[in-house]
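Here's the structure, in structure tokens; my notes come after.
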Amino acid sequence: MTVRPTLVAVAAALLAVALPGCGPRAVEVSTGESRPAESSIDFTNNLSQAVNVYVRPASGSEVFLRQVGARSTESIPVRGISAGSSVTLRAAPVDGSTSYSREGVTLGRGVAWRVP
């Protein structure tokens with residue numbers, strides 16, 4: 001069986017075009033454009049243990065914001081809830097011993113809250 005030179009040339013050309021497409025490709029992955037938070041909570045934890053900080057809008061479920069270490073202060077951004085919304089703030093020590101809450105808080109920049 002003999003192979004025609006034209007067939008060999010066509011096969012070689014197809015391989016030359018197809019093989020580079022099989023190599024690794026650079027891919028950039030992102031979560032989209034990050035918008036700055038409209039509101040934040042300036043939270044002071046005066047306890048001797050870390051606390052988990054939550055926010056609950058008037059109509060909706062509670063959202064975990066951040067864990068704040070013992071005897072520390074952090075500015076916590078609040079994303080996904082509009083500034084001016086009335087919310088309930090809750091701080092729960094990691095040992096589950098008790099819970100601190102503050103109702104009727106109007107969200108904005110730098111809402112101050114400290115526990116205990």
Exercise. Return yes when LEU65 is among the aliphatic types (A, V, I, L, M), surrounded by 17 or more Cβ atoms within 10 Å (Cβ to Cβ) and within 19 Å of the chain's Cα centre (by Cα) and no when it is not.
Key: yes
Quiz item: Applying the selection to region 66-84, what residues are in a loop (DSSP other than H, G, I, E, B) and either in contact with a Cys (Cβ under 9 Å, 6 or more places away or on another chain) or modelled with pLDDT of 95 or more (or both)?
Solution: GLY69, ALA70, ARG71
Practice problem: Taking only region 95-116 into account, find how many residues are in contact (Cβ under 8 Å) with a residue 12 or more places away in the chain, in a loop (DSSP other than H, G, I, E, B) and surrounded by 13 or more Cβ atoms within 10 Å (Cβ to Cβ). | Solution: 3
Quiz item: THR73: polar (S, T, N, Q) and farther than 11 Å from ASN45 by Cβ, yes or no?
Solution: no
Exercise. Evaluate region 49-65: report whether one residue or more is at pLDDT 95 or above, in a loop (DSSP other than H, G, I, E, B), among the small types (Gly, Ala, Ser) and more than 16 Å from VAL105 (Cβ to Cβ).
Key: yes
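The values are calculated or read from the model by the stated rules, or taken from the named source; none is laboratory data. None of the values given here were measured: they were computed from a predicted structure. Because the Cβ atoms are built from the backbone with ideal geometry, glycine has one as well, and the counts that use them run over all protein chains shown.
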